[in-house]
């Protein structure tokens, strides 16, 4: 079971012997909090096939649309522009953008907040 203690990085395996193990848990009802700066509606643009994150406020009013070919293009712009600083919201944005990116590569439908149908 020696392999269970190793993480494979791009260049070298890393041994995690002695590392503290933290088990995460997220309760959608209890732990979710609205970002006061708004929310994102994410899609794959049907014409350009690029990733888009519409930054919205109440009532789905879109304040800006952040566009990129890769997830990091979009979330990096969100950070640069100061659109949100909430680390949980940024993690969510990265997760959903990666799902959209995978869906685009596989040619399958992307629906925000839903599992990919593989």
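Derivation of every value follows stated rules applied to the coordinates shown; laboratory data play no part. Because the structure is predicted, anything quoted here is derived from the model rather than measured. Note: ideal-geometry Cβ built from the backbone for every residue, glycine included; neighbour counts use all protein chains shown.
Relative protection proxy for 62-69, 105-112, from highest mean packing down: 62-69, 105-112 (other beta-carbon atoms within 10 angstrom). Extents of segment 27-106, largest first, come to 34, 27, 24 Å (Cα atoms, principal axes, whole angstrom). Taking other C-beta atoms within 10 angstrom as a stand-in for reagent exposure, 29, 34 fall in the order 29, 34, fewest first. Going by the alpha-carbon gyration tensor, a ≥ b ≥ c the square roots of its eigenvalues, is segment 12-54 rounded (a/c under 1.5) or, if a/c is not under 1.5, prolate (a/b greater than b/c) versus oblate? In terms of gyration-tensor shape, oblate.
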